[in-house]
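The structure under discussion appears below in the form of structure tokens.
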Amino acid sequence: MATSPGLLDGIMAQLGPGGVAQIAQTLGTDDSTASSAIAAALPAILGGMAKNTQSQSGATSLASALNDHDDSVFGQLGDLLGSGGGDGAAILGHVLGQRQPYVEQSVSKSSGISVDLIMKLLPILAPLVMGYLSKQRSSQGLDAGGLGDVLNQERRTQETAQPGLGGLAAILDADGDGSALDDILGKLLKG
């Protein structure tokens with residue numbers, strides 16, 4: 001499998017300054033805050049997808065869902081923003097499930113960006129991530145397992161670069177024991 005540039009960097013490059021400015025305007029914030037929020041939120045979405053691909057059924061499901069997405073979404077950002085993220089909420093429902101509020105809080109706390117902004121941003125970013133992953137799958141000829149490998153490599157890279165923001169596995173299973181329940185309860189009891 002050919003190594004591509006990091007997914008996070010690739011998505012940010014595809015989005016570009018113009019895309020960040022459009023998102024900032026939609027969110028009612030400045031470009032710098034929007035850029036920081038995007039950089040903080042993308043690892044959580046990518047990490048959630050990586051976690052889902054750890055099972056064969058999850059990897060197959062994600063690969064199948066990519067059939068409905070392509071990178072043209074970046075060229076139609078205005079339409080996506082006008083629709084409040086299109087199918088972003090549904091994507092997040094599959095990726096994060098009931099853990100979404102906890103992930104929003106964790107990303108907000110780790111990044112210093114308000115939870116309200118993160119809640120608005122995640123549904124916008126989810127279709128962009130799906131479009132970019134669809135492009136990567138096509139250009140690299142990835143099957144479901146290869147897609148999982150790429151996502152898990154990105155998760156590991158982000159966890160090394162930004163501990164605590166590197167993805168859902170780091171957010172939900174802090175002690176690495178394979179169960180997030182003890183970590184979630186511990187964080188709730190501390191809060």
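The values are calculated or read from the model by the stated rules, or taken from the named source; none is laboratory data. Just so we're clear, the structure is a prediction, and the values are computed from it rather than from any experiment. Positions of Cβ are generated from backbone atoms using ideal geometry, with glycine treated the same way; all protein chains shown enter the neighbour counts. Just the protein is used for accessible areas: all its heavy atoms, side chains included, with ligands, DNA and RNA removed. Shrake-Rupley method; radii C 1.70, N 1.55, O 1.52, S 1.80 Å.
General remarks:
- Which listed residue is open to solvent by less than 50 Å² (accessible area, probe 1.4 Å) and among the small types (G, A, S), from S134, S61: S134
- Filter result (outside any helix (DSSP H, G or I), modelled with pLDDT of 80 or more and under 23 Å from D149 (Cβ atoms)) within the range 52-86: T53, Q54, S55, H69
- Taking the criterion of being closer than 26 Å to S61 by Cβ and open to solvent by 60 Å² or more (accessible area, probe 1.4 Å), the residues of the range 80-104 that qualify are S83, D87, A89, H94, Q98, R99, P101.
- All helices (runs of 4 or more DSSP H) inside the range 107-191 with 1 or more residues being at pLDDT 85 or above, at negative phi and not hydrophobic (A, V, I, L, M, F, W, C): 115-140, 144-161
- Odd one out for L92 among (1) in a helix (DSSP H, G or I); (2) of a type in the set (A, V, I, L, M, F, W, C); (3) touching a residue at least 60 places away in the same chain (Cβ under 8 Å): (3)
- Look at the range 8-34: where a residue is closer than 23 Å to A50 by Cβ and a partner is exposed (fewer than 15 other Cβ atoms within 10 Å of the Cβ) and not aliphatic (A, V, I, L, M), sitting 6+ places away or on another chain with Cβ atoms under 8 Å, you get A13/P5.
- The listed residue being farther than 21 Å from N152 by Cα, in a helix (DSSP H, G or I) and modelled with pLDDT of 85 or more, out of G18, G48: G18
- Selection status of D149, open to solvent by 20 Å² or more (accessible area, probe 1.4 Å), touching a Pro at 6+ places or on another chain (Cβ under 9 Å), acidic (D, E) and touching a residue at least 40 places away in the same chain (Cβ under 8 Å): no
- Pick from the range 13-57, criterion of a type in the set (A, V, I, L, M) and over 12 Å from the mean Cα position of the chain (by Cα), ranking: most open to solvent (accessible area, probe 1.4 Å): A13
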